[in-house]
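Reading through the structure tokens given below for one structure.
The values are calculated or read from the model by the stated rules, or taken from the named source; none is laboratory data. Just so it is clear, the model here is predicted, and its values are computed rather than measured. Side chains included, ligands, DNA and RNA excluded: accessible areas come from the protein's heavy atoms. Shrake-Rupley method; radii C 1.70, N 1.55, O 1.52, S 1.80 Å.
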Amino acid sequence: MKTIAIAAIDGYQRFISPYKGFGCAHRVRTGRGSCSQFAKRAIARLGMVAGILITLRRFEDCAASARILSSAEGHAAVAPPEPPAEPCP
């Protein structure tokens, strides 16, 4: 099951992500890996259940990053806050 999930993420990264028109807000804001990279690594290292749970928390961080980026869109460039620690071991 884990290999199927990782293959699905690989497919998303290769065939969907480059064409969707926007990038991962967390990656843009922090300079770290994208949410799909994080999910793939988390599932590979922690297994399906723990990997998905920690990825859901990452999606919350990404949504917060998107809000921060969209609020700063009309303002002068603002130095990004310190990036949160990567929760995946």
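For this structure, a couple of remarks:
- Orientation-averaged projection of the stretch 1-60 equals 4.0 nm² [convex hull of Cα atoms, one quarter of hull surface area].
- Surface composition of the stretch 1-56: carbon plus sulfur atoms hold 64% of the accessible area, using a 1.4 angstrom probe and ignoring ligands, DNA and RNA.
- Arg32 long-range amide H proximity, modeled H, under 5 Å: none
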